[in-house]
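The values are calculated or read from the model by the stated rules, or taken from the named source; none is laboratory data. What you see is a predicted model, and the numbers here were worked out from it, not measured in a lab. Positions of Cβ are generated from backbone atoms using ideal geometry, with glycine treated the same way; all protein chains shown enter the neighbour counts. Surface accessibility is based on the protein's heavy atoms, side chains included, excluding ligands, DNA and RNA. Shrake-Rupley method; radii C 1.70, N 1.55, O 1.52, S 1.80 Å.
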Amino acid sequence: MPNAIFAGKKALVLGVANERSLAWAIAQHLHQGGAKLGFNYLGAALERRVRPLAESVGAELIEPCNVADDAQIDSLFGKVKEKWGGLDILIHSVAFANKEDLEGRFVNTSREGFRVAMDISAYSLIACARRAEPLMEGREASIITLSYYGSQKVVPNYNVMGVAKAALE
């Protein structure tokens, strides 16, 4: 392996949606560097896209996890502990807003839509970090999240996601 910078590291990558995902590019880099990988997916449709990608890099964990559900987060990190005993890298590349809250005018964002975007796009980092932290004790570990330019500048039709990413930052 030409670049073994991540040899022996265990990385959980949250938020791969398809082969164009930034999370997927990060996962490929980690794999090329020798990391063992785990992935989550949300529902059958995403599993059909994520599983083949994860299998192509020899993922040791491919598990369902809705980051808006604490029980599912607990289950995922429980499986990480059971399989690996610890965690070195958590990649949080998670974002979501209801389609109707990304269309039209920002001021028309619904209260529920705002809550959903903030919960999944920002709060989920806290929820996942809380579960990752004990698995990272005594390791040179990292938690990485991804944001977007729309958190700082107005981007047409990014609407509530801009606010959610600003909160994440």
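Numerical summary
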| quantity | calculated |
| --- | --- |
| Rounded percent of accessible protein surface that carbon and sulfur make up, segment 87-160, 1.4 Å probe | 55 percent |
| Translational diffusion of segment 37-79, µm² s⁻¹ [Kirkwood Rh, Cα pairs; Stokes-Einstein; 37 °C; 0.692 mPa s] | 314 µm²/s |
| Simple Cβ-charge dipole of segment 1-61, Lys/Arg +1 and Asp/Glu -1, about Cα centre, in debye nearest 20 | 60 debye |
| Per-residue ³J(HN,Hα) for segment 47-55, Karplus 6.51 cos²θ - 1.76 cosθ + 1.60, θ = phi - 60°, Hz, x for Gly and Pro | 4, 4, 8, 6, 4, x, 5, 4, 5 |
| Stokes-Einstein D (µm²/s) once Rh is taken as the Kirkwood radius of the chain over alpha-carbon pairs, at 37 °C in 0.692 mPa s | 199 µm²/s |
| Residue-count net charge about Met118 - beta-carbon cut-off 12 Å; Lys, Arg +1, Asp, Glu -1 | 0 |
| Loop trypsin sites (Lys or Arg not before Pro), segment 66-169, which have at most 12 other Cβ atoms in a 10 Å radius of their Cβ (DSSP) | Arg105, Lys153 |
| Separation between Cα centres of segment 1-76 and segment 94-169, rounded to whole Å | 19 Å |
| Residue-normalised accessible area of segment 88-134, expressed per residue, 1.4 Å probe, Å² | 54 Å² |
| FRET E, pair Asp119, Val154, Förster distance 22 Å, beta-carbon r, rounded to 0.05 | 0.45 |
| 22 Å Cα-Cα threshold exceeded, pairs from Lys10/Lys165; Lys79/Lys99; Lys83/Lys165; Lys79/Lys165; Lys10/Lys79 | Lys10/Lys165; Lys79/Lys99; Lys83/Lys165; Lys79/Lys165 |
